[in-house]
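Here the structure comes first, spelled out in structure tokens, and everything after it is commentary.
The values are calculated or read from the model by the stated rules, or taken from the named source; none is laboratory data. In this text the structure is predicted, and so the values were computed from the model without any measurement. Positions of Cβ are backbone-derived with ideal geometry, glycine not excepted, and every protein chain shown enters the neighbour counts. Areas reflect the complete protein model, heavy atoms only, side chains present, ligands, DNA and RNA absent. Shrake-Rupley method; radii C 1.70, N 1.55, O 1.52, S 1.80 Å.
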Amino acid sequence: MGTDWNKLIEQYLTGELNAEQVAQFEKELANNPGLLAELELHRQTQEVLRRSALRQLVKTGGKSYFRKKVLKYGVITLMVLGAISAGIYLVMNGKKAASEVDSVQIEAKTLQVMEKFLEFDNIDPQYFQFTGEDDVFLTESGVLLSATDESFMLDGKPYDGPALIQWQEAQEAADIVKAGLSTMSGDKLLETQGMFSMKAFTPGGKPLELSNTGVYVQVPVDEIKEGMKLFQGVKGKNGAIDWQNPKELERLPQAGDMREMDLYPPDYEPKLNELKWFKEKQKRDSLYLSFDDQNFQTSEEKNRGKQLFNMYCSTCHFKHKDGTGPKLYQVRNKWKNGGAKPNSIYDWVIDWSKAAEHDPYALMVSYYKPTAQPTFVNFKNKKGDIDAIFDYIDESVEGNSSNSNQLNLSSASLESPLPVTVEFAEDKAKWTFNTEETNGKTYVVARVQIEKHWHINSLYLPNGSFGYPTSFQVMPNKAYQLVGKPIEPKAIEVHDEVADEDLKYHEGTIVLKQEVKPLVKGNIPIQVKYAFQPCDATHCLAPYEGTFSLGGNSESGVNDHIPPSKVLAIWRPKFNGTILATRDFEKRMQAIHRTCDQKVLEVYTRSLSEPLWKKDERVVGMGYPEFKTFAAERIGAIKLHDKHAQNLTRFYESVTEILHNKGKREVAEALAKERKWDEKIKQVRQKNEIRKGVREQLNLHEEYDFNLKDVCKQLGKRVGFQMHGGGTIVNIDKYVWDATVARQSTTITDPETGKTAQIVYEPFSLEVQNALEYEKLFVYLFPKEMNSYQRLDTEQGHINYQLNGHMNYTGVVVGINETGVFLYELGEMEAKEYGLVNLKRVSDQEFRKKLLALNQNRVKKPMGILDEVNWLFTERTDYSVQRKRRDNEVFRNAVRPTVYPCAVCVADSTVEIAISK
Amino acid sequence: MKPFNAQETKAEIQRLYRYYPETKRLLRSLGCDALTAEDLFQEALIIFIQRKQDPDFHFTVEPIHYIKQTCKFLWFNEARKRQKNTVFSLDADFMEEEQTWLEKEQKMRILETALEQLGKQCRELLQLFYGLGKSMVDIAKKLDLRNEKVAKTQKYRCIQKAKELVGQVQVESIQ
């Protein structure tokens, strides 16, 4: 082939040749009929190819249409089924089968063959053509048949080719009589809803058998009668049919797509919608999951306590250690046992000085350290809030707290240590509680760490002993039984010669146990009461009585809620095609949520191949009669291969685990973030406290220095002691010091010269408008003659302060709240009434610049103020952080009951220790 | 003939497919089974769309009417071929107008079967080129060929093969 004609023709037809080539080609064409024919064929082939491309489009276009259509069709059918379907009697001769409505063209020969197989006489058969792919047929009387490519077998082998389905039905009494059908089962007469016969054949007329998958038959009936069953017809020798092997009827589950289902607790989404929360499923899932590992006792109170503690107390107080202030752990008991008046501790928190006036114990506490306890007037009439703080602290476990890091906070070396030592029983023996399982037995365990040189008495004291026995009492509860008495280790027994008394006591660390037998499974609330009196060689302390609880942690086996992780684990497309991805399960899920029993959920998630009604009945058996309605629906199974079912079960378990951990991790991360911020704000506050102490010292000393020099100048003297002829010692320092501390105008007369010197203090006052809008409100004074600036607290927006008349001040009023920083510049200060001032909002930069500038405006070297500014900014941020936390908590508290509808009763019980069972 | 715009054509097909249920009903009323009905409907769609592209042709009837009539015609032929007893008549007016076209398309349909013998890659390549007017660069990319040159060489080879097959069927159908 010298010339590639094919290529040339192609190029010619697609216009790839240039004019010259075209001319040459056409010339050749005119002379070569063979080429012309070839060209024609080429053209036609192109046409055909084009057409086949169109066919491709038509086919795919049709496909997408079909997908849509089938979906719609499926839904309609099933709705109808739901309304009318019920039991049937099926004739089968070992065969169940199905097929469809439209009349089919069948070759006469085949038809003849098939007619021989008719079961019922005098009843016209219907034929349906089954293509071999899944199809649904509707018979004349409205019976629905569904066949799949796995429905049939030919000679014992699976058959997935086309088939003809032969169908006979006798539903009306007249038909039954006409067909001469019996309604006998053995010797019993049956009431029938219809009799049916179904056979299937290959297109050639060979009979097919039914496979295990079979054909689904749905029969409409007027009413569902109890005990309605499916019977198999067996032809007797005389040709009469006897009905045997009654079977329970089942309905097909209504399959759905997991992505379109709703498995949330029933109230969850409505609540979120009400709160106008995000719509995205991903976000809602994530929120739902965040409730997964929740400790139910994290009630609002406790969180409030935590927040308040962090907000107001943690700067100076640790929970379990003394800091600037004493530790707060069990402080209410401490006061009570120390003999404080009732409620005086609340007065103390609000205003310690008032409490000290009325209560000697409070007065004693006020000697603790010279650093004054601030007043918290905002707690006035809020005993609940104070209790919330104490509750939070009392429940916290030592060592576990974020506040345990040490920061030595004695704010100035000037402070003297506390002269009074008070000993408390609970410091001498520390109790921790737990539950433990050994050899299948469950114990509530108390671990008591007794301080060196101290002891506590045994649980069981010898007769005649005067000692205070230690008690460890697990409080009775319906959920468990106590087994025997508390067990203690062997006690030390000695005879006290002096008191002539047998002693029996413990030292060191001991473990007390009480066996309990849980009567119910799951999270059992346990309350423990305990009491003891520690003694050392010389004396005994006041006995301590306490109740205790450990935060129950909701690990596996907790039944009073449905863990979100378990719900989300099944809620994924992987479970499509299982019984879980059905509208029927979706409906049950609502009820499952209402039971709050994850065991119920497990019934459904385990053995996925089981019919739904069996699961329903099992749940009824677990004590949930409300599932009877479901069981009555008789929803069957979606058959899965065992292997497949096992895979999915394994998958479910691993995903639950993963999700559970994810939820846990996310919560932990959020908590860690919160802690980090808390830590930061705490440190910033501690630094501020230190700075404040240092600054106030500086303020005092610098002002004293200034005043002293001023006075001396006025008197024309040098600083120091002056001895006088008369033997009088005039200590100018002392006068000046007193005047400075009291900020009081004073006239000092030099007895020697008769000269007088003045220290002048004059008041200025102002009131801030809308003071309550600000979280913090200060007046900063910048005395030109000093290095240090002064920060003055305002009281409800009022300030009244004595300015040193010989100094020059500039001043500024500063307010901060969540929304920003606010300023009012006082300029060069005068001792006067400024009246009502209105702060103006300024940007952060401006604020910083202003304060730095004012601070610079001194005669001497000013002390740094930047750290102070940053502290203010951090505080400002903290307000929004705290508010967000509060908002979030409020939000979660609003949503939580929808996730755990049963948790309300849990929150009512006092204490929980999880006995994992 | 211009290649088809895949997007537009698909949209049109989907639009027309809405008539499938009623067309199917019509066909079944004439004794056609469901599977054949769909084949016929698709064939009718192809004929219709092809027809629309003919610049000289103007529809005198609604598209659905055209399709239904075409289906009827196709089933008429099919039933006859299957030796089924069918008693129905075709719309005379329609047939008069469209007879030639329909017969031509019927022939095309037969020739199309020739392509079943063509290799999958060849068929796809040629369909993309002649049917959808894709560039050789696009085709090379889509079919994972090294470059457009390779695709072009392949095209020559494939059209040659297709031609042989079509020619063969043509000869057979004449016999």
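Which residue out of A:Y127, A:Y73, A:Y89 is open to solvent by 10 Å² or more (accessible area, probe 1.4 Å), under 28 Å from B:L35 (Cβ atoms), aromatic (F, W, Y) and at pLDDT below 75?
Values: A:Y127 fails: at pLDDT below 75; A:Y89 fails: under 28 Å from B:L35 (Cβ atoms).
Result of the check over A:Y127, A:Y73, A:Y89: A:Y73.
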The lone condition A:E633 fails out of (1) more than 28 Å from A:Q282 (Cα to Cα); (2) open to solvent by 50 Å² or more (accessible area, probe 1.4 Å); (3) not polar (S, T, N, Q) is (2)
Looking at A:F433 and the list (1) at pLDDT below 50; (2) open to solvent by less than 80 Å² (accessible area, probe 1.4 Å), which single condition is not satisfied? (1)
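Rundown of residues vs (1) open to solvent by 30 Å² or more (accessible area, probe 1.4 Å); (2) assigned to a loop (DSSP other than H, G, I, E, B); (3) touching a Gly at 6+ places or on another chain (Cβ under 8 Å), yes/no style:
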residue	(1), (2), (3)
A:V445	no, no, no
A:H453	yes, yes, no
A:E493	yes, no, no
A:V516	no, no, no
A:K529	yes, no, yes
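Within the stretch A:15-31, take every residue that is part of a loop (DSSP other than H, G, I, E, B) and open to solvent by 50 Å² or more (accessible area, probe 1.4 Å) and give me the one that is nearest to the other protein chains (Cβ to nearest Cβ). Before the answer, list the steps.
As a first pass, look at the stretch A:15-31 and keep what is part of a loop (DSSP other than H, G, I, E, B): A:15-18.
Applying the additional criterion that residues be open to solvent by 50 Å² or more (accessible area, probe 1.4 Å) yields A:15-16, A:18.
Values: A:G15: 13, A:E16: 10, A:N18: 17 Å.
If we take residues in the stretch A:15-31 being part of a loop (DSSP other than H, G, I, E, B) and open to solvent by 50 Å² or more (accessible area, probe 1.4 Å), then A:E16 is nearest to the other protein chains (Cβ to nearest Cβ).
What's the total number of residues in the stretch A:596-619 that are assigned to a helix (DSSP H, G or I), without any contact (Cβ under 8 Å) to a residue 40 or more places away in the chain and of a type in the set (S, T, Y)?
Residues that pass the stated criteria total 1.
Can you list the helices (runs of 4 or more DSSP H) found entirely within the stretch B:78-173 that contain at least 2 residues being more than 14 Å from every other protein chain (Cβ to nearest Cβ), free of Cβ contacts under 8 Å to residues at least 24 places away in the same chain and of a type in the set (S, T, N, Q)?
Values: elements: B:92-114, B:120-126, B:136-142.
Because the criterion is at least 2 residues that are more than 14 Å from every other protein chain (Cβ to nearest Cβ), free of Cβ contacts under 8 Å to residues at least 24 places away in the same chain and of a type in the set (S, T, N, Q), the helices (runs of 4 or more DSSP H) in the stretch B:78-173 that meet it are B:92-114.
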Might you check whether a residue that is touching a helix residue (DSSP H, G or I) at 6+ places or on another chain (Cβ under 7 Å) and under 27 Å from B:F48 (Cα atoms) occurs anywhere in the stretch B:138-160? yes
Just one of the numbered conditions (1) at pLDDT below 85; (2) not in a helix (DSSP H, G or I) is not true of A:L81; which one? (2)
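Which of the residues that make up the stretch A:39-62 are among the charged types (D, E, K, R) and within 7 Å of another protein chain (Cβ to nearest Cβ)? Working first, answer last.
So in the stretch A:39-62, the residues among the charged types (D, E, K, R) come out as A:40, A:43, A:47, A:50-51, A:55, A:59.
Across the stretch A:39-62, the qualifying residues are A:E47, A:R50, A:R51, A:R55, A:K59.
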Would you tally the residues in the stretch A:799-820 being open to solvent by 30 Å² or more (accessible area, probe 1.4 Å) and either part of a strand (DSSP E or B) or of a type in the set (G, A, S) (or both)? 4
A:I592 under 17 Å from A:W571 (Cβ atoms) and buried (at least 20 other Cβ atoms within 10 Å of the Cβ): yes
In the stretch A:255-288, anything assigned to a helix (DSSP H, G or I) and aliphatic (A, V, I, L, M) is listed as A:M258, A:L272, A:L287
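Could you count how many residues in the stretch A:143-155 are surrounded by fewer than 16 Cβ atoms within 10 Å (Cβ to Cβ) and at pLDDT below 80? Let's see the steps before the verdict.
Step one: of the stretch A:143-155, the residues surrounded by fewer than 16 Cβ atoms within 10 Å (Cβ to Cβ) are A:150, A:155.
Right, trim to at pLDDT below 80 and you get A:150.
So the count comes out to 1.
Can you spot a residue in the stretch A:576-593 that is on the phi > 0 side of the Ramachandran plot, in contact with a strand residue (DSSP E or B) (Cβ under 8 Å, 6 or more places away or on another chain), in a loop (DSSP other than H, G, I, E, B) and modelled with pLDDT under 85? Steps first, answer last, please.
Filtering the stretch A:576-593 for residues on the phi > 0 side of the Ramachandran plot gives A:577.
In the following step, the residues that additionally are in contact with a strand residue (DSSP E or B) (Cβ under 8 Å, 6 or more places away or on another chain) were identified as A:577.
Okay, now just the ones that are also in a loop (DSSP other than H, G, I, E, B), so A:577.
Retained after the next criterion (residues that are modelled with pLDDT under 85): A:577.
Yes: one or more hits.
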Evaluation of B:L16 against (1) more than 28 Å from B:L165 (Cβ to Cβ); (2) open to solvent by 30 Å² or more (accessible area, probe 1.4 Å); (3) at the interface with chain A (Cβ under 9 Å from one of its Cβ atoms) (one fails), failing number: (2)
Looking at A:T3 and the list (1) more than 9 Å from chain B (Cβ to nearest Cβ); (2) at pLDDT below 65; (3) surrounded by fewer than 18 Cβ atoms within 10 Å (Cβ to Cβ), which single condition is not satisfied? (2)
Residues being assigned to a helix (DSSP H, G or I) and either closer than 19 Å to A:Y801 by Cβ or open to solvent by less than 80 Å² (accessible area, probe 1.4 Å) (or both) - total across the stretch A:821-845: 1
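Of everything in the stretch A:738-774, what is part of a loop (DSSP other than H, G, I, E, B) and touching a strand residue (DSSP E or B) at 6+ places or on another chain (Cβ under 8 Å)? Give them in sequence order. Show your work before the answer.
Quick first cut of the stretch A:738-774, residues part of a loop (DSSP other than H, G, I, E, B) only: A:743-745, A:750-755, A:760, A:769-770, A:774.
If the condition is that a residue be part of a loop (DSSP other than H, G, I, E, B) and touching a strand residue (DSSP E or B) at 6+ places or on another chain (Cβ under 8 Å), then A:R743, A:Q744, A:S745, A:D750, A:P751, A:E752, A:K755, A:V760, A:Q769, A:Y774 are the ones that fit.
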Go through the stretch B:25-75 and report how many residues are away from every other protein chain (no Cβ under 13 Å) and not in a helix (DSSP H, G or I). 8
Residues in the stretch B:1-10 that are open to solvent by 50 Å² or more (accessible area, probe 1.4 Å), facing chain A (nearest Cβ under 9 Å) and part of a helix (DSSP H, G or I): how many? 1
